[in-house]
Amino acid sequence: MTDMEMGLHLTAVGIPIVFGVLAVVAFVVFLVSRLEQAIEARRAAREAAGVAPEPAKPQKPTIDDTTLVLITAAAATMIQGRFHIRRIRRIGGPGQTAWFQQGRATLHGSHNVVPKPRNS
């Protein structure tokens, strides 16, 4: 097979494959948009029928005294000085993906904690 024949053969096989894959992607996008429209129509029907969404339950504190003491001790070890804990909250609630958590861990790990000099 010469180079020209091989090039024509690859072109004849490659172009239909590329357009076939594009057609499949377009079909998947079409299906997702139809599914989204159906979900939105169902949500609108519920709102029109007067069915209220379930109210969010208030969250109760889930941190006990032992955990609070351990977090305070860890902060005191890292900072080595006077500090004030303003807020403790759980990270990784609903809507936070693994990508989000990994990005947060990378960002927090990149900071250098330098203790303040004591005025003594």
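Screening segment 99-113 for residues that are modelled with pLDDT of 70 or more and outside any helix (DSSP H, G or I) and picking the one that is farthest from the chain's Cα centre (by Cα) gives Asn112.
Close Cβ contacts (under 9 Å, 6 or more residues apart or on different chains) running from residues in segment 7-30 that are charged (D, E, K, R) to residues that are assigned to a helix (DSSP H, G or I) are absent.
If only residues of segment 69-98 that are within 25 Å of the chain's Cα centre (by Cα) and of a type in the set (Gly, Ala, Ser) are counted, the one that is modelled with the highest pLDDT is Ala98.
The values are calculated or read from the model by the stated rules, or taken from the named source; none is laboratory data. Remember, predicted model here, so these are calculated numbers, not experimental data. When we count neighbours, we look across all protein chains shown, and the Cβ atoms used for this are built from the backbone with ideal geometry, even at glycine.
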